[in-house]
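Input: a single structure, listed below in structure tokens.
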Amino acid sequence: MEEAQKYVWEGAIPLQIHLHESEVTTLPTPPPALILAPRIGYLPLLVPQIKPHFSNALPPGSPDTVWFDYNGLPLKWYIPTGVLFDLLCAEPERPWNLTVHFRGYPSNILVPCEGEDSVKWSFINSLKEAAYIINGNCKNVMNMSQPDQVELWRSVLNGNLEAYVRISSKLKLGTVGDEYADGGGQGQVKTGRVPVRLYVWSVSEDFDDLEDAPQIDSWDKISYINRPVEIHGEEGNYFTLQDAVKSILPEYFPNKSSTNEESSRDEDENEQTVPSEEGEKYLSENVESCYPSDNVEIKLVRIQGIEPKMEIPFSWVVKKLTNPEHYLHICVCLKVPQVL
Amino acid sequence: MGTKEEAQGTLSSTDFGVAASAFILNWNTVCSSFPPWTWVLSHHQVEGYLSLENMLLSSTQEEHGELSCPGPGIHSHQEDPIDVDDATLVHTNPCKVHYYDLHIIYCNSYRVPVLYFRAYDSDGEPLEFDEIEKDLPAYSKKALSDSKWTFITQEEHPYLNRPWYKLHPCGTSEWMKLLFHADDALAKTGVAIELYLVAWLSVVGHVVGLRIPFEMMKQL
């Protein structure tokens, strides 16, 4: 069993959870709940542990759906806890102070959540999507037997890596070959697509200390990019993490290699044009990037709480650091020139 | 569109742009009395999507089998029918008037377009799903209840950080494949990309009760 996979599954974030002051009905205020949250888990799954801690303090009447905020920012429940932490805490805060709410679900901002079922559904759906990206179809996930599906989900819920490996290997979702020597051999790289979810936040000023990094106070400040990375087997281990990140941010790092479709002809910006005979003109593909690539700097890349060296082969990162639904979640901080 | 993609019913992100461009021109020509489709750029300026706002879709539309046109004042509750082109303004109870915003967004994972929508009443109040369900044609309601994999769900809009309703893309490439193979004309003339979205929306639109005028298939 992969050592790295074990570390990922055992990774956890210490949380200090406070009940929102508007919902406190007792004196003294209940102390915060201290919970160790698995990185690969999701916040709503912690509710069974949290609720009893506060049940005495809650106002009467049946509660709404539970939701969390960090410094006032409502947290998206379908993003793995570890990713939320890596993204929102530039300077890791331990324990991570969150606020829990049992009322006032912000349904204009957050997608509805009905507890474990919603999280499970979201997980299976992401798994389906990952399967499609990797294999070109999601038959293997759709055809999972009911018991297998249950066991797979349970294994994630309980952090049971052995059970997970047993079930998930039936799904045949390897993107990188498994011929690893026990000592860090890299394995064969297949040509294909790798499921990646990128969370990008941009800053226009430099900062030396992460503590000085600007606070993320709105989800509009983060660009969520759900785009697979294309790997070509021949590049093998020369395709680095840096190459991978840049390849899915063409707006900041325009592709150097021009294919017929993407080559930089002089395109008018944002113009609606009638397709020419060759069907070459297309909307909005202003391939001239908004920022010349020398002015855009990757300031920070975080995966599973680690900041890997950008020269590491991407295949290694994929093999070691993906989440159970087979997605690689990457938090990126970019420094871009001031947008006037 | 490469023949490989054509065979699979999928399309590349670039081709989506081409298809969108053709679609906008087509719709705005044929359906000039309806709200226009526009192209909206995501904040990254590279990805864009198609947007149709304030489209009047209501449950009585099915009986007439026509697209409803909101007429000159989009939010007006005029009781008398207005004849515009082939469309008839449906006599609706002003309280039952439902407006839809439709976004067609390219999905990089499945390599197909995906429909996102939201609905609201004449006061701009968002509609709950059970009210939207009433708008849906009967066959959609049945499919929704039969399907093991629910195909309309509330999910986060890829760019707007708000919950929208989404039509699941999972089977799209399958039926797009069938559509293109079934139609000799499409196969021969090789205008697959330009007609991709018309074909796609003519199937997908059905789910929410949007009918695509036949004229659009003839526009080249």
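The values are calculated or read from the model by the stated rules, or taken from the named source; none is laboratory data. Note that the coordinates shown come from a computational prediction; the quantities given were computed from them, not determined experimentally. For neighbour counting, all protein chains shown are included, and Cβ atoms are generated from backbone atoms with ideal geometry for every residue, glycine included. Just the protein is used for accessible areas: all its heavy atoms, side chains included, with ligands, DNA and RNA removed. Shrake-Rupley method; radii C 1.70, N 1.55, O 1.52, S 1.80 Å.
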Simple spin-label estimate for A:Glu2 and A:Thr25 in nanometres, 7 Å along Cα-Cβ:
4.8 nm
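Using only the heavy atoms of the protein chains and a 1.4 Å probe, how would A:Lys172, A:Lys246 rank by accessible area, largest first? The partial results should precede the final answer.
Numbers: A:Lys172 145, A:Lys246 70 Å².
Greatest to least solvent exposure: A:Lys172, A:Lys246.
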Please give the contour-minus-distance gain from A:Lys221 to A:Glu307: 0.36 nm per residue of separation, less the Cα-Cα distance, rounded to one decimal in nm.
28.8 nm
Nearest-10 value in Å² for the accessible area of B:His103, using the 1.4 Å probe
10 Å²
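Can you pull out the buried accessible area for chains A and B, both sides counted, probe 1.4 Å, rounded to the nearest 100 Å²?
On the way: alone 18330 and 11340 Å², together 26020 Å².
For chain A against chain B, roughly 3600 Å² becomes buried.
Given a Förster distance of 25 Å, report the FRET efficiency between B:Tyr139 and B:Phe214 from their Cβ-Cβ distance, rounded to the nearest 0.05.
E(calc), rounded to 0.05, equals 0.80.
Using a 1.4 Å probe, what is the accessible area per residue for region A:63-140, in Å²?
Details: 2650 Å² over 78 residues.
Normalised by residue count, the accessible surface of region A:63-140 is 34 Å².
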Give me the one-decimal nm value for the distance between modelled label points at A:Asn71 and B:Phe151, 7 Å along each residue's Cα-to-Cβ direction.
4.4 nm
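What percent do you get for the relative contact order of region A:36-167 when only Cα pairs under 8 Å and 6+ apart count? Can you show the working numbers first?
Numbers: 115 pairs, mean separation 34.0, N = 132.
Relative contact order comes out at 26 percent.
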Taking a 32 Å limit on the Cα-Cα distance, which of the listed pairs A:Lys120/B:Lys134; A:Lys172/A:Lys246; A:Lys221/B:Lys142 fall beyond it?
A:Lys221/B:Lys142
Please compute the modelled spin-label separation between A:Glu93 and A:Met142, points set 7 Å along Cα→Cβ, answer in nm with one decimal.
4.4 nm
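Per residue, how large is the accessible surface of region B:17-57? Use a 1.4 angstrom probe and give square angstrom.
Working: 1160 Å² over 41 residues.
Heavy-atom accessible area per residue stands at 28 Å².
Counting only other chains, what is the mean number of Cβ atoms within 10 angstrom of the Cβ of each residue in peptide A:223-230? Spell out each step's value before the answer.
Details: counts 4, 4, 5, 4, 5, 3, 0, 0.
Other-chain Cβ atoms within 10 Å of each residue's Cβ, averaged: 3.
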Can you pick out the pairs among A:Lys299/A:Lys320; A:Lys299/B:Lys166; A:Lys139/A:Lys319 whose Cα atoms lie more than 24 Å from each other?
A:Lys299/B:Lys166
With all protein chains present, calculate the accessible area of A:Arg154 using a 1.4 Å probe and round the result to the nearest 10 Å².
130 Å²
Per-residue accessible area for A:Lys51 at 1.4 Å probe radius, Å² rounded to 10?
80 Å²
Between B:Glu174 and A:Asp208, what FRET efficiency follows from the Cβ-Cβ distance if R0 is 60 Å, with the result rounded to 0.05?
0.70
Quotient of Cα radius of gyration and Kirkwood radius for region A:9-55, i.e. Rg/Rh, equals 1.03
